[in-house]
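One structure below.
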Amino acid sequence: MSQSLVQFYAHIVFSTKYRFPFLTDRKLRNVIHSYMGGILNSLNAQPIIIGGISDHVHILCSIPRDASISGTFGELKRVSSKWIKTQGCGLEDFYWQRGYGAFSVSRFGIDNVRTYIENQESHHAEKTFQNEYRKMLADHEIEYDEQYVWD
């Protein structure tokens with residue numbers, strides 16, 4: 001085949017460093033999510049939805065065929081963290097955690113993941129980020145060592 005054709009959707013999850021609730025202001029959080037969408041666009045990764053709560057973010061996007069997941073999301077975290085630190089008091093010490101979770105999504109699963117991300121606030125009224133993330137890892141049968149998951 002002379003042409004490389006790819007359709008790859010990913011659900012990416014990462015938290016603030018030590019899960020500190022930096023993003024409590026909903027208006028600011030929406031601005032940050034929009035800014036992150038712009039970064040993804042500049043990296044040719046098309047955001048479908050970005051959401052989350054005070055201590056973490058969920059991203060559903062398509063990844064271009066010539067991009068690496070680590071390169072794309074490393075750059076997203078680097079650029080967004082640098083920008084977030086300029087957005088007001090209390091954010092000067094902002095950092096994202098070092099790692100992330102990346103989960104493939106079929107095109108038939110996009111609506112379910114979108115709904116899941118849209119309902120983060122009500123979802124987290126009952127479940128912590130850590131428990132949510134552990135369940136995602138288990139659902140995708142990803143082995144992990146608890147001591148290396150959190151920072």
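The numbers here are math on the coordinates, done by the rules we state, and not lab data. Owing to the predicted nature of the structure, the values given are computational and were not obtained by experimental measurement. Glycine also receives a Cβ, built like all others from the backbone with ideal geometry; neighbour counts cover every protein chain displayed.
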| Do you know which of the residues in the stretch 1-60 that are assigned to a helix (DSSP H, G or I), surrounded by fewer than 15 Cβ atoms within 10 Å (Cβ to Cβ) and small (Gly, Ala, Ser) is farthest from the chain's Cα centre (by Cα)? | Ser42
| Residue list for the stretch 47-63, restricted to those being among the hydroxyl-bearing types (Ser, Thr, Tyr) and out of contact with any Pro (no Cβ under 7 Å at 6 or more places or on another chain) | Ser62
| Selected residue (only one of Ser54, Ser81 is in contact with a Leu (Cβ under 7 Å, 6 or more places away or on another chain), hydroxyl-bearing (Ser, Thr, Tyr), without any contact (Cβ under 8 Å) to a residue 40 or more places away in the chain and under 25 Å from Lys27 (Cα atoms)) | Ser54
| task | Being touching a residue at least 60 places away in the same chain (Cβ under 8 Å) and either surrounded by fewer than 16 Cβ atoms within 10 Å (Cβ to Cβ) or not in a strand (DSSP E or B) (or both) is the filter here, so list the residues in the stretch 99-108 that pass it. | result | Gly99, Tyr100, Ser104, Ser106, Arg107
| message | Show the residue pairs meeting these rules: Cβ distance below 6 Å; 6+ apart or different chains; first residue within the stretch 126-146 and touching a residue at least 60 places away in the same chain (Cβ under 8 Å) and under 22 Å from Gly51 (Cα atoms); second residue of a type outside the set (Val, Ile, Thr) and in a helix (DSSP H, G or I). | response | Phe129/Arg19
| Residue count, the stretch 61-96 (criterion: β-branched (Val, Ile, Thr), in contact with a Ser or Thr (Cβ under 9 Å, 6 or more places away or on another chain) and buried (at least 18 other Cβ atoms within 10 Å of the Cβ)) | 1
| remark: When Phe94 is run through (1) touching a helix residue (DSSP H, G or I) at 6+ places or on another chain (Cβ under 8 Å); (2) assigned to a loop (DSSP other than H, G, I, E, B); (3) farther than 28 Å from Glu146 by Cα, the failure sits at (3)
| In this structure, does Leu137 turn out to be among the hydrophobic types (A, V, I, L, M, F, W, C), in a helix (DSSP H, G or I) and touching a Leu at 6+ places or on another chain (Cβ under 8 Å)? | no
| remark: Only one of (1) within 21 Å of His33 (Cβ to Cβ); (2) surrounded by fewer than 15 Cβ atoms within 10 Å (Cβ to Cβ) does not apply to Tyr144, and that is (1)
